[in-house]
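S.K.: Before I ask anything, let me first share the structure, which is written out below as structure tokens.
The values are calculated or read from the model by the stated rules, or taken from the named source; none is laboratory data. All values reported here derive from a predicted model rather than from experimental measurement. Positions of Cβ are generated from backbone atoms using ideal geometry, with glycine treated the same way; all protein chains shown enter the neighbour counts. With ligands, DNA and RNA removed, areas are computed over all heavy atoms of the protein, side chains included. Shrake-Rupley method; radii C 1.70, N 1.55, O 1.52, S 1.80 Å.
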Amino acid sequence: MKLTTLAILAGGTVLLASCATGTGDPRAEALAMMDRDFHARGIASKDRLKEDAVMAACNKYNDNPPADVVARLQKEQLATIRYPADGKLLGDWKAGEKVAQNGRGMAWSDKGGVGGSCYNCHQIGPATTSFGTVGPSLYQFAKMRGFGTDIQRYAYGKIYNSKAFNLCSQMPRFGHVQALTEQQMKDITALLMDPASPVNQ
Ligand code: HEC
């Protein structure tokens, strides 16, 4: 009963949208609907509805753009990464663990720079019993990948801008969109890379 009602409601919304815009282009209609219904509040401004070149390419090609587009855009994304000016990629893993396990972040009522919500998509350490599996497990990350500065740099860069390494990644670009501060990204990099961190036990 409930499902039927939902289906009718959903159908009604689509119908209304096509009447309202009348373009016959489902993508344009969906964008117009979002623009009409999204109410800017707090840190959630209408900017969130704008696609950048990466999102546009991934949407257009169903997350599988041609190789030349991927190569060009990944190069551009790589160039956005700002590595710490002091050259130190590792902060405090204990502080990093708090950020990684904190799911608050970019909601309109947040102030920004709060949590990384890594556990929503990744297993982090053996003590975490509840985690998402959208991304690969990060347990024993450095133990398996190596503790060297090249992997430290990769981990920091991946957190800063995941799409520089995998264009249509589902992982947020934490540094690029300023969801996390440099110190928070250093702390999380330490969580992944420090031999004493629970990740590497
Ligand atoms: C919305 C889901 C999501 C969130 C949140 C997320 N990730 Fe990811 N992450 C992914 C996915 C999916 C992949 C695999 C695809 C790829 O490489 O981009 C990935 C890949 C990675 C990798 C590369 C792993 C490897 O073996 O090369 C690292 C490192 C990583 N994530 C760290 C983090 C950290 C640290 C956080 C929190 C600051 C985080 N992720 C938050 C989805 C997420």
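Per-residue answers, yes or no, for (1) part of a helix (DSSP H, G or I); (2) more than 8 Å from the ligand (Cβ to nearest atom); (3) without any contact (Cβ under 8 Å) to a residue 12 or more places away in the chain:
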site: PHE131; (1), (2), (3): no, yes, no
site: LEU138; (1), (2), (3): no, no, no
site: LYS143; (1), (2), (3): yes, yes, no
site: GLY157; (1), (2), (3): yes, yes, no
site: ARG173; (1), (2), (3): no, yes, no
site: GLN183; (1), (2), (3): yes, yes, no
site: ILE188; (1), (2), (3): yes, no, no
site: LEU191; (1), (2), (3): yes, no, no
site: ALA196; (1), (2), (3): no, yes, no
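S.K.: Do we find that ASN102 is within 12 Å of the ligand (Cβ to nearest atom), outside any helix (DSSP H, G or I) and farther than 23 Å from ILE151 by Cβ in this structure?
M.R.: For ASN102, the condition - within 12 Å of the ligand (Cβ to nearest atom), outside any helix (DSSP H, G or I) and farther than 23 Å from ILE151 by Cβ - is met.
S.K.: Return the pairs, sorted by first residue and then second, in which the second residue is basic (Lys, Arg) and open to solvent by 40 Å² or more (accessible area, probe 1.4 Å), the first residue lies in segment 63-91 and is in contact (Cβ under 8 Å) with a residue 12 or more places away in the chain, the beta carbons are less than 7 Å apart, and the residues are 6+ apart or on different chains.
M.R.: LEU89/ARG153
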